Amino acid sequence: MLVRFGETWHAWSVFAKMPERDVFSWNIMVGGYGKAGLLEDALDLYHRMMWAGVRPDVYTFPCVLRSCGGVPDWRMGREVHAHVLRFGFGEEVDVLNALVTMYAKCGDAVAARKVFDGLQLFLNMLQDEEMNGLAVKMGFATDAAFCNSLIQMYASLGMMGQARTVFSRMDTRDAMSWTDMISGYEKNGFPDKALEVYALTEVNNVSPDGITIASALAACACLGRLDVGVKLHELSESKGFMGYILVANALLEMYAKSKHIDKAIEIFRCMPEKDVVSWSSMIAGFCFNRRNFEALYYFRHMLADVEPNSVTFIATLAACAATGALRSGKEIHAHVLRCVIGSEGYLPNALIYWYVECGQIGYAWAQFCVHGTKDIVTWNTMLAGFAAHGHGDTTLSFFNQMVKIGECPDEVTFIALLCACSRGGMVSEGWELFHSMTEKYSIVPNLKHYACMVDLLSRAGRLMEAYNFINEMPISPDAAVWGALLNGCRIHSHVELGELAAKYVLELEPNDAGYHVLLCDLYADAGRWDKLGRVRKTMREKGLDHDSGCSWIEVKGVVHAFLTDDASHPQIREINTVLEGIYERMKISGAPVESHSPEDKQVSKDDIFCGHSERLAVAFGLINTRPGTSICVTKKQYTCQSCHRILKMISNIVRRDVIVRDSKQLHHFKDGSCSCGDEGHG
DNA sequence: TTAGGGTTAG
C-alpha cells in the first residue's frame with residue numbers, strides 16, 4: 001500500500017521490521033524501488049533477497065529485469081538471466097519477454113534476438129490456427145497480461161506487424177495494451193501510426209492513463225502535431241495529470257518541437273518539481289527553436305537544481321556548437337570528465353562535432369583518437385570536419401582508412417566526401433565516389449548527394465554539365481540543388497544560367513533571404529545594377545530585408561554580439577582603428593579591393609567599413625585575443641561576397657586563422673584562402 | 001489486493 005503511494009522509504013521501514021518476509025513482500029519492495037526510479041536500490045535489494053535464500057517466483061524477474069534495463073546494467077542483467085535459468089523459469093513467456101526487453105535496453109541486440117528465437121517455436125504455435133484455438137480455449141491466448149507482454153516483446157524487436165496481430169486478437173485491451181502499441185509505433189519510427197492508434201482509444205472509449213498520454217505526446221512532438229498535442233494537454237488538465245512529471249515533460253517536448261517554445265516555458269515555470277528530463281527537454285527545445293543562448297542560460301541554472309546526465313550534455317553541446325561557444329563547451333567537457341560518463345552513448349560524438357563547429361579541428365581529432373568504440377557517426381563527424389576545414393586530401397585518405405578497417409560507409413559518409421571533393425575542386429574523385437555509392441555500397445543517392453554533385457561541378461566551372469546533370473536526375477530537384485547551380489553561376493559570373501537557376505530556386509523557396517542575397521551577389525559581380533535594384537525591391541516587398549546581420553564572438557567566456565552598422569559596442573573606436581589599419585595595409589600591398597557600389601570600383605574605404613557584423617566581430621577578436629590564436633566568429637546569416645574577400649585578405653595580413661560559421665557553412669580563412677573552396681569569392 | 005507500458009540527445 002505504501003509503495004503504491006510512492007512512499008518507498010516508509011515502506012522500507014515497515015519491511016525492515018517485519019518478523020517474517022515471504023517472496024511476496026520482497027517482490028513488492030523490489031518493484032517499489034524500481035517504480036520509484038531507485039533502480040540501483042532495487043537491484044541491491046534483489047541481491048539481498050538472493051542472499052537471504054528466498055526463492056524468487058515468476059513475478060520477481062520482470063520486475064528486477066526492468067531495473068537492469070533502466071540503469072542499464074548489462075552485467076547484472078546477465079546474472080539475473082542465469083538465475084532465471086537456474087530457478088527454472090526459462091519457459092515463462094512473461095519472464096522471457098522481460099529478458100528480451102532488458103537486452104534491448106542494454107543495447108545487446110544479439111542476446112535479445114537469441115532469447116526471442118528460443119520463444120519463436122511457442123509463438124509459431126500460437127500463429128497456427130488449431131493451436132491458437134486451443135490457446136483461446138485455455139484462456140491465455142487473449143489474456144490481457146499475456147498479450148501485453150507479447151506486444152512489448154515484438155515492439156522492442158521492431159516487429160510491429162506481429163505486435164499488431166497479437167493486439168487485434170485480444171478480447172479486452174487495457175490501457176497498457178494501447179500504450180504498448182502507441183509507444184511501439186512511435187519508438188520504431190512510425191509516429192503517424194502511433195497517433196492513428198491513439199485516435200482509436202477515443203473511438204473505443206478507452207480511458208488513457210498518464211503513460212498513454214505521454215506516449216501519444218511523444219508522437220505529436222515527432223510530427224509537430226500541435227492540434228492533437230493541445231487536445232492531449234486539455235485532457236491531461238481535466239484528468240488531473242499535470243502534476244505527473246512524466247506528462248508535464250512530454251508536454252514541454254511537444255510544445256518545443258511544435259515551435260511553441262514560449263508555451264513550453266510557461267509549463268516549465270508552473271512545474272512544482274523539475275527533473276533532469278524537464279531541464280534537458282528545455283535545453284534541447286531552445287536549440288530546436290534556434291534560441292541557443294537561452295539553452296546555455298538554462299544549463300547554468302540547471303546546475304544549481306539537478307545533476308545533468310549525458311542527454312543534458314549532448315543537448316547543451318549542440319547549443320555550444322551552434323553558437324561557437326568554445327569556453328562554455330570546454331566547461332561541459334570538464335563536467336563530462338568529472339562525471340565519468342565521457343564514453344556514454346552519443347556523448348563522444350557530440351564532443352567531436354562541437355570541436356569541429358568551433359573551428360578546433362585539432363581538438364576534434366584528439367577527441368576522435370581517445371574515443372574508444374567508434375561507430376559510423378563518429379567517422380562521419382570527423383570526415384565532415386576535415387571537409388569543412390578544407391582538408392580535402394585528408395578527408396579522402398581518412399575515408400580509405402575507414403573502409404580498410406571494415407567500417408561500412410552510409411549515406412551521410414558520402415555527403416561529407418562529396419563536400420570535400422567540391423571544396424577541393426576534385427571533380428574526377430567526386431564522380432568516382434558518386435558512382436561507387438550505387439555500384440559498390442548499394443546506397444541510393446538522395447537530394448543532398450545530388451546537391452553536392454551540382455555544387456562540385458558548378459564550382460569547377462562545368463556549369464552546363466551541372467545543368468544537364470540536374471535535368472537527368474531521377475528525382476525532382478529541390479531548392480538546394482538549384483541553389484548550388486546558382487552559387488556556381490555567381491562564382492563564374494554566368495548571369496543567364498544563374499537567372500534560370502534562381503527562377504527554380506525562388507519558386508521552391510520564395511521567402512528565403514539567403515537565395516535572394518545570392519542572386520544580388522550574382523548581379524553585383526556582373527555589374528548588373530538595374531537587375532540588382534529589382535531584386536532588392538522584391539526583398540523589401542517581401543519583408544526579407546529586415547533580418548539585419550548579427551555576428552558574435554566568444555572572448556574569455558563572454559559572448560560579444562554585433563549587429564550591422566553597430567556603433568554601440570564600448571570598444572567601437574578601437575574596432576574602427578583596427579579596420580582602418582587593415583585598410584592601409586591592403587592599400588600598400590596593392591590588394592585588388594573591389595566595391596559593391598556601382599560608382600566606385602576601385603579601392604574604397606567603404607569596403608572595410610561596410611558595417612557588416614562579421615567584420616566588426618573579427619576586428620574585436622583581433623584586439624582581444626592573443627596573437628597567433630584563431631578567431632572564431634558565428635554569423636546568423638549568409639556571408640556576403642565582399643566580406644568573404646576581405647576576410648581572406650585579413651587572414652593573410654594578420655597571419656591568423658579566421659573561422660566564420662555562417663548560416664550555410666563554415667569558412668576557415670588561412671593565409672589568404674578559404675576552406676570553402678569558393679574561388680569566385682575573389 | 002505482486003510484474004510488464006513512460007518523458008529528454010543523436
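The values are calculated or read from the model by the stated rules, or taken from the named source; none is laboratory data. Fair warning: this is a prediction, and the values are worked out from it, not measured in the lab. Ideal geometry is used to build each Cβ from the backbone, glycine not excepted, and the neighbour counts take in all protein chains shown. Please note that ligands, DNA and RNA were not included when accessible areas were found on the heavy atoms of the full protein model with its side chains. Shrake-Rupley method; radii C 1.70, N 1.55, O 1.52, S 1.80 Å.
Within region A:479-514, can you find the residues that are open to solvent by less than 50 Å² (accessible area, probe 1.4 Å) and not in a helix (DSSP H, G or I)?
Listed by number, the list holds a single entry, A:Asp512.
All but one of (1) open to solvent by 70 Å² or more (accessible area, probe 1.4 Å); (2) more than 8 Å from DNA strand B (Cβ to nearest atom); (3) out of contact with any helix residue (DSSP H, G or I) (no Cβ under 6 Å at 6 or more places or on another chain); (4) in contact (Cβ under 8 Å) with a residue 12 or more places away in the chain hold for A:Asp73; which doesn't?
Condition (1) is where A:Asp73 drops out.
Hey, A:Tyr353 hits all of (1) surrounded by fewer than 23 Cβ atoms within 10 Å (Cβ to Cβ); (2) in contact (Cβ under 8 Å) with a residue 24 or more places away in the chain but one; which does it fall short on?
(1)
Here is a list of conditions, (1) buried (at least 21 other Cβ atoms within 10 Å of the Cβ); (2) assigned to a helix (DSSP H, G or I), and A:Pro308 meets all of them except one; can you say which number that is?
The single condition A:Pro308 does not satisfy is (2).
Which residues, taken from region A:148-186, are farther than 19 Å from A:Leu96 by Cα, out of contact with any Cys (no Cβ under 8 Å at 6 or more places or on another chain) and of a type in the set (A, V, I, L, M, F, W, C)?
Answer for region A:148-186, where residues must be farther than 19 Å from A:Leu96 by Cα, out of contact with any Cys (no Cβ under 8 Å at 6 or more places or on another chain) and of a type in the set (A, V, I, L, M, F, W, C): A:Ala175, A:Trp178, A:Met181, A:Ile182.
Of the residues A:Val80, A:Val84, only one is more than 12 Å from DNA strand B (Cβ to nearest atom), modelled with pLDDT under 90 and open to solvent by less than 40 Å² (accessible area, probe 1.4 Å); which? Walk me through it before giving the result.
Details: A:Val80 fails: modelled with pLDDT under 90.
One residue alone meets the criteria, A:Val84.
Checking the structure you have, find out if any residue of region A:243-260 is farther than 26 Å from A:Ile283 by Cα and either open to solvent by 40 Å² or more (accessible area, probe 1.4 Å) or within 13 Å of DNA strand B (Cβ to nearest atom) (or both). First the steps, then the outcome.
Keep residues of region A:243-260 that are farther than 26 Å from A:Ile283 by Cα, which gives none.
Within region A:243-260, none of the residues are farther than 26 Å from A:Ile283 by Cα and either open to solvent by 40 Å² or more (accessible area, probe 1.4 Å) or within 13 Å of DNA strand B (Cβ to nearest atom) (or both).
With the checklist (1) in a loop (DSSP other than H, G, I, E, B); (2) in contact (Cβ under 8 Å) with a residue 40 or more places away in the chain in hand, flag the one item A:Gln152 doesn't pass.
Exception for A:Gln152: condition (1).
Go through region A:636-653 and count every residue that is touching a helix residue (DSSP H, G or I) at 6+ places or on another chain (Cβ under 6 Å) and at pLDDT below 85.
5
If we keep just the residues of region A:29-41 that are on the phi < 0 side of the Ramachandran plot and within 33 Å of the chain's Cα centre (by Cα), which is most open to solvent (accessible area, probe 1.4 Å)?
So the first thing to find is which residues in region A:29-41 are on the phi < 0 side of the Ramachandran plot, and the list is A:29-36, A:38-41.
Then keep just the ones that are within 33 Å of the chain's Cα centre (by Cα); that gives A:33-36, A:38-41.
Numbers: A:Tyr33: 28, A:Gly34: 6, A:Lys35: 168, A:Ala36: 54, A:Leu38: 69, A:Leu39: 36, A:Glu40: 121, A:Asp41: 71 Å².
Checked region A:29-41; the qualifying residue most open to solvent (accessible area, probe 1.4 Å) is A:Lys35.
Mind listing whichever residues of region A:151-169 are surrounded by fewer than 21 Cβ atoms within 10 Å (Cβ to Cβ) and either small (Gly, Ala, Ser) or within 11 Å of DNA strand B (Cβ to nearest atom) (or both)?
A:Gly158, A:Gly161, A:Ser168
Let me spell it out: the conditions are (1) of a type in the set (Ser, Thr, Tyr); (2) surrounded by 22 or more Cβ atoms within 10 Å (Cβ to Cβ); (3) touching a residue at least 40 places away in the same chain (Cβ under 8 Å), and A:Thr564 meets all of them except one. Which number is the exception?
(2)
Can you tell me which of A:Glu40, A:Glu20 is acidic (Asp, Glu) and free of Cβ contacts under 8 Å to residues at least 24 places away in the same chain? Don't jump to the end; show me each part of the working.
On the way: A:Glu40 fails: free of Cβ contacts under 8 Å to residues at least 24 places away in the same chain.
The unique qualifying residue is A:Glu20.
Return a yes/no flag: does region A:170-180 have any residue that is in contact (Cβ under 8 Å) with a residue 12 or more places away in the chain, buried (at least 24 other Cβ atoms within 10 Å of the Cβ) and among the acidic types (Asp, Glu).
yes
Does A:Gly390 count as closer than 18 Å to A:Ile314 by Cα and small (Gly, Ala, Ser)? Please lay out each step first, then the result.
Working: closer than 18 Å to A:Ile314 by Cα: no; small (Gly, Ala, Ser): yes.
No: the conditions fail for A:Gly390.
Can you pull out every residue in region A:623-654 that is over 30 Å from A:Ala526 (Cα atoms) and out of contact with any Leu (no Cβ under 8 Å at 6 or more places or on another chain)?
The answer is A:Ile623, A:Asn624, A:Thr625, A:Arg626, A:Pro627, A:Gly628, A:Thr629, A:Ser630.
Among the residues of region A:363-380, write down those that are assigned to a helix (DSSP H, G or I) and more than 18 Å from A:Ile659 (Cα to Cα).
Correct list: A:Ala366, A:Gln367, A:Phe368, A:Cys369, A:Val370, A:Ile376, A:Val377, A:Thr378, A:Trp379, A:Asn380.
Restricting the search to region A:42-61, which residues are closer than 23 Å to A:Val71 by Cβ and over 43 Å from the mean Cα position of the chain (by Cα)?
Correct list: A:Trp51, A:Ala52, A:Val54.
Of the numbered conditions (1) open to solvent by 40 Å² or more (accessible area, probe 1.4 Å); (2) at pLDDT 85 or above; (3) closer than 20 Å to A:Lys664 by Cα; (4) of a type in the set (D, E, K, R), A:Asp545 fails exactly one; give the number of that condition.
(2)
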